[in-house]
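The values are calculated or read from the model by the stated rules, or taken from the named source; none is laboratory data. The model shown is predicted, which means the values in this text are computed figures rather than measured ones. Every residue, glycine as well, gets a Cβ built from its backbone with ideal geometry; the counts of neighbours run over all protein chains shown.
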Amino acid sequence: RADFAPPPGERETQLRHAAVRAAHAKILALAGRMLPLDPEQSSYGVRTTRRLEVPDPWLSRPDEVPPQFLLVAPNALADHSRLRAGRLPRPRAGTTAATRAVEAAVSAETARKLNIEVGSVLHVPGVERAPLAVRVTGIVEPRAPREAYWSATPVLRSPSLANVPGDPQRSVFWVGALLLPPDAAPAMLGTPGTPERYWTLAPKVSAVHGHEPARLTSAVASLEAGPLLQRVRAAASPDVEADTALDEVFADHERLRSAIGPLVAVAASGTGTVAAVVLL
């Protein structure tokens, strides 16, 4: 996870699109030598690590509990979505932790379930400052909702209901995502959301089938806690951590091949299961 101990100006620079994109290019180059990756489905950005309660009363409240949101600034939203209404959000020049208003998009499912429309303004709590006003300028539909860009972090496209911790009545509330333009990410520093940079490395499914599973498993292990992770940390941040279920996918693939033959195994492994390496 990115360490945001540096001074505010440096923290803002680390979260800007150019910096996160540059690290992504280095990570793809490093990991791509050992793992067959899909650059189109691999993604990066900045997101809050804590959900933020938004008190606006017009938002959907199944049990009268305010919804909570993650702020996410993903790359290439225009390439992976269709605009259903409005326009895509734009960053304000020179966005910083002190910025008081930003634009965002939401998925069509999020808009429908949480009563959000183009022009809605959500007030996200601030830290020792007024709330961050998030104006929704667009509603988007994922082009390929089952692909890694959306499915590695499902809340980007689909809100979910969560239980209020410790509530004997098991009250529920919505959890959704507000999609900011990449260069608006520094505004997250003005919220209690504790933002982090992330890089999601999606495997190229067609290439995986032709590789030796033992070599792929070794490569994933190296990226999780080995030499490859050390090289990625040198390229992006000394605090990068890796999280993945790819090793389990490779093991399942091998079991399928052993039990019912290579042809069926290839078909079963390509039915839309999403597995990726997420670097934080």
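Data for the structure
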| quantity | calculated |
| --- | --- |
| Qualifying residue in the range 261-270 (condition: modelled with pLDDT of 75 or more and within 26 Å of A76 (Cβ to Cβ)) | no |
| Test: residue in the range 60-78 that is under 19 Å from the mean Cα position of the chain (by Cα) and without any contact (Cβ under 8 Å) to a residue 24 or more places away in the chain | yes |
| Scan of the range 105-122 for residues that are assigned to a loop (DSSP other than H, G, I, E, B) and over 12 Å from A177 (Cβ atoms), ordered by number | N115, E117, V118, G119, S120 |
| Residue check, V54 under 29 Å from P238 (Cα atoms), of a type in the set (V, I, T) and touching a Phe, Trp or Tyr at 6+ places or on another chain (Cβ under 9 Å) | no |
| In the range 106-161, the residues that are basic (K, R) and in contact with a Lys or Arg (Cβ under 9 Å, 6 or more places away or on another chain) | R129, R143 |
| Test result for A22, under 17 Å from the mean Cα position of the chain (by Cα) and of a type in the set (G, A, S) | no |
